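Structure first, then comments.
The values are calculated or read from the model by the stated rules, or taken from the named source; none is laboratory data. All values derive from a computational prediction rather than experimental measurement. Ideal geometry is used to build each Cβ from the backbone, glycine not excepted, and the neighbour counts take in all protein chains shown.
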Amino acid sequence: MFALAAAQNPQSSQKAAPKNQKKEESILDNRTARGFRLIRQANLRADLTFLTSDALGGRLSAERGDEAAVEFIAAEFSKAGLKPIVPSFTGPSFLQDVPLIEFTPDARDTQLFLSRGGAQRPFAYSTDFTGAFPRDLTVRGDVVFAGYGITAPEYGYDDYTGLDVRGKIVLILDHEPQEDDAKSVFNGYGNTLHAASRVKTMNAQLHGAVAVLLMNEPNRRHPSNAERSARITVNNPAGRQAIARIPSQVLADNEVRIPLVTVSDRLAAELLATCGKKPAELQSAIDATLKPSGLLLPDTVVELHLVNSMERRTHTTNVIGLVEGLDPRLKAETVIFSAHHDHNGARDGVIFPGADDNGSGTVGVIELARSFGVNGNVAKPKRSLLFIVFGAEERGLLGSYYYVAHPLRPLATTRAVINFDMIGRNEAPSAQTEGLMDIAKDTSNQLNFTGTAYSPEYRAYVERANENVGLELSYKWENDAALNLFARSDQFPFIQKDVPSAWWFTGFHPDYHQPTDTVEKINFDKMEKILKLAYLTAWEIGDADNPPKFKPDPRGQ
């Protein structure tokens with residue numbers, strides 16, 4: 001099975017340090033103490049109880065329950081004294097509208113045909129391939145195998161070297177080369193941003209391809225995304241089918257303009273049948289040499305029909321408020337607190353309340369807004385603090401992708417993103433992680449991070465602040481390739497824009513994306529400590545002479 005990175009990296013965590021009273025007294029000075037002590041479990045519990053109530057119906061993006069959550073967050077930002085900065089016809093607002101297209105693929109009419117030797121063979125949607133596109137579309141083209149579909153000049157690696165894919169359909173491997181090699185330039189056992197399917201699709205589009213076929217790695221030592229999803233069961237037998245019928249969403253001004261579909265192992269083998277090598281041999285050759293092995297597949301033409309049974313315009317909302325910094329010069333720079341307010345809604349009478357995912361992060365941002373807002377114009381960091389609760393994260397990080405395309409503060413002077421997504425539980429063994437990640441027996445005081453490989457200085461600021469809080473900080477998820485966790489929350493679009501960013505995360509558990517993710521199971525003691533750590537970290541970075549820098553190559557010096 002997949003080599004467990006945590007066991008192979010003895011430096012993967014910072015053990016909880018005992019509180020140092022002198023240190024705490026020094027950091028909790030007249031500026032910081034009031035806000036620090038305002039972070040209270042009673043507030044977190046009350047807010048989370050409301051957000052997970054049946055009245056909000058699981059907060060599905062673009063539905064009324066999630067809109068109610070948006071109104072609640074904006075009201076709390078206003079009461080906390082945050083400054084609205086979103087331009088609107090009626091003056092500055094807390095609400096950044098995010099236009100969406102919502103659609104449902106038609107499983108019967110969505111088809112893929114492989115033409116070879118004068119014959120055309122059909123392949124079945126859901127069984128042989130999956131995927132969706134926001135409008136009806138037919139594409140036809142020769143198929144080119146393009147390795148992992150990665151162009152990474154920082155590693156001297158480019159799968160498109162010598163390939164002309166203009167007007168063609170590219171077939172690419174999921175993930176990255178050498179992910180089972182601790183010495184790989186692609187961040188050892190961890191992932192880089194190049195592993196994300198969206199990044200690969202944008203790269204194919206840049207090279208002129210008309211569609212992407214994504215195949216699972218034939219030599220993989222972990223479940224594919226489809227296999228992983230199949231492992232996650234629900235308490236209600238209808239639950240998974242209910243989630244499967246949630247409509248797809250994309251940004252109305254989506255920069256991705258070509259479709260991506262994931263093909264089964266069987267279909268991938270059929271597509272590669274004329275190239276003279278087995279799929280496993282193609283992957284092994286790339287992993288061994290890091291040399292491009294792309295080729296036009298002989299006598300291989302694919303015609304893809306993507307058809308929807310429903311398409312409509314809709315929207316979600318990012319809720320945004322500002323605490324302006326005190327320094328006349330540094331207040332132009334920004335530290336961001338973020339989370340997402342949406343979850344998986346309700347279907348067939350089954351409500352998915354999403355207490356941990358991500359009611360916990362949402363109420364965390366609200367509580368920090370109060371803790372900084374209470375200080376008024378007296379006790380604030382030199383840099384400004386921006387509080388954002390994104391929409392439509394569960395549908396593909398849509399709110400955060402929209403924000404980085406339409407930032408309200410310059411990304412070039414955004415010094416750090418502290419992103420909360422699932423900060424309310426104790427990590428526990430589950431189908432999500434079985435055989436893929438070591439989980440400690442006691443995680444009641446543990447907090448995970450992913451993203452700090454791109455900014456070791458960010459990690460150093462957190463660890464310094466943690467001397468006053470005493471959490472056990474774990475970086476085991478920095479070394480995950482199997483689940484590609486790095487690309488699965490709202491810090492990721494900022495990473496793609498070279499902003500030091502990290503996902504603060506207490507880990508998976510058996511209630512992940514289940515109707516049983518309820519408020520009674522939240523560890524409010526740990527949540528309070530996490531938010532106090534974030535509060536102190538923001539002060540540290542907000543006042544720092546040398547804020548964190550982004551490191552384009554996580555393995556480089």
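Taken together, the residues in the stretch 245-278 that are more than 24 Å from Gly208 (Cα to Cα) and touching a Pro at 6+ places or on another chain (Cβ under 8 Å) amount to 4.
Among the residues of the stretch 336-348, those that are closer than 16 Å to Ile388 by Cβ and either small (Gly, Ala, Ser) or outside the structural domain of Gly58 (by TED's automatic domain parsing) (or both) comprise Ser338, Ala339. Among the residues of the stretch 399-410, those that are buried (at least 24 other Cβ atoms within 10 Å of the Cβ) and closer than 23 Å to Ala75 by Cα comprise Gly399, Ser400, Tyr402, Tyr403.
Suppose we keep only residues that are of a type in the set (Phe, Trp, Tyr) and within 16 Å of Ser360 (Cα to Cα) within the stretch 488-517. Which one would you say is nearest to the chain's Cα centre (by Cα)? Ranking the qualifying residues of the stretch 488-517, first place goes to Trp503.
Applying the criterion of being modelled with pLDDT under 95 and of a type in the set (Phe, Trp, Tyr) to the residues of the stretch 138-193, the residue that is surrounded by the fewest Cβ atoms within 10 Å (Cβ to Cβ) is Tyr155.
Find the residue count for the stretch 290-333, including only residues that are of a type outside the set (Val, Ile, Thr) and under 30 Å from Ile541 (Cβ atoms).
So the count comes out to 13.
When Leu368, Leu386 are screened for being assigned to a strand (DSSP E or B), assigned by TED's automatic domain parsing to the domain that holds Asp97 and farther than 20 Å from Ala62 by Cβ, only Leu386 passes. Residues in the stretch 484-510 that are among the polar types (S, T, N, Q) and surrounded by fewer than 24 Cβ atoms within 10 Å (Cβ to Cβ): Asn484, Gln496.
Here is the figure for the stretch 531-548: residues that are over 16 Å from Phe372 (Cβ atoms) and either crowded, with 18+ Cβ neighbours inside 10 Å or in contact with a strand residue (DSSP E or B) (Cβ under 9 Å, 6 or more places away or on another chain) (or both) total 3. Among the strands (runs of 3 or more DSSP E) confined to the stretch 444-525, the ones with at least 1 residues that are of a type in the set (Asp, Glu) and under 24 Å from Ala428 (Cβ atoms) are located at 472-474. Of all residues in the stretch 263-311, those satisfying the criterion of being in contact with a Leu (Cβ under 9 Å, 6 or more places away or on another chain) and β-branched (Val, Ile, Thr) are Val263, Thr274, Ile286, Thr300, Val301, Val302, Val307. Taking the stated definitions as given, is Glu179 farther than 27 Å from Asp142 by Cα and either small (Gly, Ala, Ser) or touching a residue at least 60 places away in the same chain (Cβ under 8 Å) (or both)? Spelling it out, Glu179 is indeed farther than 27 Å from Asp142 by Cα and either small (Gly, Ala, Ser) or touching a residue at least 60 places away in the same chain (Cβ under 8 Å) (or both).
Could you go through the stretch 343-350 and let me know if any residue there is buried (at least 23 other Cβ atoms within 10 Å of the Cβ) and among the hydrophobic types (A, V, I, L, M, F, W, C). Walk me through how you get there before you give the answer.
Taking the stretch 343-350 and keeping what is buried (at least 23 other Cβ atoms within 10 Å of the Cβ), we get 343-345.
Then keep just the ones that are among the hydrophobic types (A, V, I, L, M, F, W, C); that gives none.
No, every residue in the stretch 343-350 fails to be buried (at least 23 other Cβ atoms within 10 Å of the Cβ) and among the hydrophobic types (A, V, I, L, M, F, W, C).
Being polar (S, T, N, Q) and within 13 Å of Glu76 (Cβ to Cβ) is the filter here, so list the residues in the stretch 326-374 that pass it. Passing the criteria: Thr362, Ser371. Hey, does the stretch 181-192 have a residue that's closer than 30 Å to Ser248 by Cα, outside any loop (DSSP other than H, G, I, E, B) and in the same structural domain as Ile286 (by TED's automatic domain parsing)? No, because not a single residue in the stretch 181-192 is closer than 30 Å to Ser248 by Cα, outside any loop (DSSP other than H, G, I, E, B) and in the same structural domain as Ile286 (by TED's automatic domain parsing).
Of the residues examined, Ile418 is not one that is closer than 24 Å to Val519 by Cα, part of a loop (DSSP other than H, G, I, E, B) and in contact (Cβ under 8 Å) with a residue 60 or more places away in the chain. For the stretch 118-140, which positions are on the phi < 0 side of the Ramachandran plot and either small (Gly, Ala, Ser) or outside the structural domain of Met202 (by TED's automatic domain parsing) (or both)? Ala119, Ala124, Ala132 - these are the residues of the stretch 118-140 that are on the phi < 0 side of the Ramachandran plot and either small (Gly, Ala, Ser) or outside the structural domain of Met202 (by TED's automatic domain parsing) (or both).
Sort through Lys526, Lys476, Lys497, Lys549 and tell me the only one that's closer than 29 Å to Thr49 by Cα and modelled with pLDDT of 95 or more. Please lay out each step first, then the result.
Values: Lys476 fails: closer than 29 Å to Thr49 by Cα; Lys497 fails: closer than 29 Å to Thr49 by Cα; Lys549 fails: closer than 29 Å to Thr49 by Cα.
It is Lys526.
Please indicate, with yes or no, whether at least one residue in the stretch 45-55 is surrounded by fewer than 21 Cβ atoms within 10 Å (Cβ to Cβ), modelled with pLDDT of 95 or more, over 24 Å from Phe524 (Cα atoms) and out of contact with any helix residue (DSSP H, G or I) (no Cβ under 8 Å at 6 or more places or on another chain). Looking for residues that are surrounded by fewer than 21 Cβ atoms within 10 Å (Cβ to Cβ), modelled with pLDDT of 95 or more, over 24 Å from Phe524 (Cα atoms) and out of contact with any helix residue (DSSP H, G or I) (no Cβ under 8 Å at 6 or more places or on another chain), one finds none in the stretch 45-55, hence no. Taken together, the residues in the stretch 267-322 that are assigned to a helix (DSSP H, G or I), within 27 Å of the chain's Cα centre (by Cα) and surrounded by fewer than 16 Cβ atoms within 10 Å (Cβ to Cβ) amount to 0. Name, by its number, the condition in (1) surrounded by 22 or more Cβ atoms within 10 Å (Cβ to Cβ); (2) under 26 Å from Lys183 (Cα atoms) that does not hold for Gln514. For Gln514, the failing item is (2).
Among the residues of the stretch 360-372 satisfying the criterion of being under 19 Å from Ile320 (Cβ atoms), touching a Leu at 6+ places or on another chain (Cβ under 8 Å) and not aliphatic (A, V, I, L, M), which is surrounded by the most Cβ atoms within 10 Å (Cβ to Cβ)?
So, considering only residues that are under 19 Å from Ile320 (Cβ atoms), touching a Leu at 6+ places or on another chain (Cβ under 8 Å) and not aliphatic (A, V, I, L, M), the one surrounded by the most Cβ atoms within 10 Å (Cβ to Cβ) is Gly364.
Only a single item in (1) at negative phi; (2) outside the structural domain of His406 (by TED's automatic domain parsing); (3) surrounded by fewer than 24 Cβ atoms within 10 Å (Cβ to Cβ) is not met by Glu333, and it is number (2). If we scan the stretch 309-326, do we find a residue that is under 30 Å from Val212 (Cβ atoms), among the aliphatic types (A, V, I, L, M) and touching a residue at least 24 places away in the same chain (Cβ under 8 Å)? For the stretch 309-326, residues under 30 Å from Val212 (Cβ atoms), among the aliphatic types (A, V, I, L, M) and touching a residue at least 24 places away in the same chain (Cβ under 8 Å): present.
The single condition among (1) under 24 Å from Glu303 (Cα atoms); (2) in contact with an Asp or Glu (Cβ under 8 Å, 6 or more places away or on another chain); (3) polar (S, T, N, Q) that Thr151 does not satisfy is (1).
Would you check if there is a residue in the stretch 275-288 being of a type in the set (D, E, K, R) and assigned by TED's automatic domain parsing to the domain that holds Ala80? Among the residues of the stretch 275-288, not one is of a type in the set (D, E, K, R) and assigned by TED's automatic domain parsing to the domain that holds Ala80, which makes the answer no.
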